[in-house]
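A quick write-up on the structure given underneath.
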Amino acid sequence: MKDDKFILYVQTSDAPERQYSPLVLAQTAKMMDLNPKVYYMGMGLKVLLPGEAKKIKMGSFPSVDEMIQRTLDMGIEIMVCEASKQMLGWERVELRLGVKIVGAATLNDLALDAGATMWF
């Protein structure tokens, strides 16, 4: 059932300049009393390897690691595509704490339920 207060932010890239937008927007949505969720897939998963997000810091923003942690601390769910892990050959890789690994069908369900979906 579509929820107009639910916004889904999908991160598909490991490019440093594309890491902040979904996190900033999800945090802002939460402060606006909306229901944001963040879904990482494809090359976006590389940022979730332990230590990788600490290496990304742009401008006056905190590191991406700090942004991800703040997002999780705000109660915003961060999901990771299991099929993308397999695509990258990461059968037994450990990702940062706090993220939830979900099946590929989850993205379809989330998109159908969301009032809006944004891709990065």
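We did not get these values from a lab; they are worked out from the coordinates using the rules stated. Because the structure is a prediction, the values reported are computed rather than measured. Reconstructed Cβ throughout: ideal geometry from the backbone, glycine too, with neighbour counts over all protein chains shown.
Values as computed for the structure displayed
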| quantity | calculated |
| --- | --- |
| Relative pair counts by distance (%), Cα atoms of region 3-119, 5 Å bins | 2, 12, 24, 25, 21, 11, 4, 1 |
| Estimated distance in nm for a label pair at E66 and M43, the labels positioned 7 Å out from Cα along Cα-to-Cβ | 2.7 |
| Order of S60, S84, S13 under a 10 Å beta carbon neighbour criterion, fewest first | S60, S13, S84 |
| Net dipole in debye of region 1-92 [+1 Lys, Arg Cβ; -1 Asp, Glu Cβ; about Cα centre; nearest 20] | 140 |
| Residue among E82, E94, E52 with the largest mean-square fluctuation in a Gaussian network model of the chain, springs linking Cα atoms under 10 Å | E94 |
| Whole-number D in µm²/s for region 75-120 (Stokes-Einstein; Kirkwood sum over Cα pairs; 25 °C, 0.890 mPa s) | 206 |
| Residues K37, K55, K2, sorted so that the one with the fewest Cβ neighbours within 10 Å comes first | K2, K55, K37 |
| FRET efficiency for M58 and M87, using Cβ-Cβ distance with R0 set to 22 Å, rounded to 0.05 | 0.25 |
| Candidate lysines for bridging to K54, where Cα separation is under 24 Å - those fewer than 8 sequence places away on the same chain excluded | K30, K37, K46, K85, K100 |
| For region 1-58, alpha-carbon Rg over 2.2 N^0.38 Å | 1.21 |
| Region 93-107 - phi-based ³J(HN,Hα) in whole Hz, Karplus 6.51/-1.76/1.60, Gly and Pro as x | 6, 9, 9, 4, 5, x, 8, 10, 8, 10, x, 4, 4, 4, 4 |
